[in-house]
């Protein structure tokens, strides 16, 4: 069974030990089921012990591109697979996130809590629903919508519709580096934030005495 995980750079697909062709079939069955949600994402593949030739990796890149995905890295325990990936200019390891970025996210999303990481801009028409926290490394454009049972963190411009604490969590928050949502909702409280003037600044919205309030947010604090 092929697994997929959200990473800082996009998506990471992990293969099962065994036959490459069977793994490839299962991989693109999974991709086909989520192609609209994953469209435009960068992809890393961990083949583990599965050996993949240079020709097979090249064909893999082409097949990913048909789904509007970009293969940028191939991880492997096989030296020959690593060499084939390097010849094609692909990375063979993942970059570690900077500690300051992890610290900033961990002020909102704590260890052991369910969260999904979306490493791309959400364009008009995208709708994300998740029974936990949602973290977006990119913008949320007008016409995009995020509904989360937990917190919503946007490491970019928030200009779409967001609903945090959708299951009734009045402690949920919404944070963004540029906070201009079309519509903001936390638990059962809804608001249309006023147009802001001047230089954008990071802000956090939360419920205070039953009312939605926005206040400065220092991601590095």
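Rounded if a/c is under 1.5, else prolate if a/b beats b/c, else oblate: with a ≥ b ≥ c from the C-alpha gyration tensor eigenvalues square-rooted, which is the stretch 3-87? Because a/c hits 1.5 or more and a/b exceeds b/c, the stretch 3-87 counts as prolate. Select one label from (1) 18; (2) 41; (3) 31: the one whose number is percent of Cα pairs over 31 Å apart as derived from the coordinates shown. Checking each listed value against the structure points to (3). Centre-to-centre, using Cα atoms only, the stretch 58-76 and the stretch 130-202 are separated by 32 Å.
With axes computed from alpha carbons, what is the tilt in degrees of helix 20-33 against the longest principal axis of the chain, rounded to the nearest 10 within 0 to 90? Orientation of helix 20-33: about 30 degrees from the principal axis. Averaging the sequence gap over all C-alpha pairs within less than 8 Å and six or more residues apart, then dividing by the number of residues, gives the chain a relative contact order of 11 percent.
Can you give the helix-only mean residue ellipticity at 222 nm for the chain, where every DSSP H stretch with n ≥ 4 adds -39500 (n - 2.57) and the sum goes over all residues, rounded to the nearest 500 deg cm²/dmol? Don't skip to the answer; put the middle values down first.
Numbers: 5 runs with 48 residues, N = 221.
It comes out at -6500 deg cm²/dmol, rounded to the nearest 500.
Which residue fluctuates most in the GNM of the chain (Cα springs below 10 Å): 209, 169, 178? Ranking 209, 169, 178 by mean-square fluctuation puts 209 first.
When you count the other C-beta atoms within 10 angstrom of each residue and take the mean per peptide, 137-144, 75-82 line up highest first as 137-144, 75-82.
Values quoted throughout were computed directly from the atomic coordinates according to the rules given, and no laboratory measurement underlies them. Quick caveat, the model's predicted, so the values are computed rather than measured. Cβ atoms come from the backbone with ideal geometry, glycine included; neighbour counts cover every protein chain shown.
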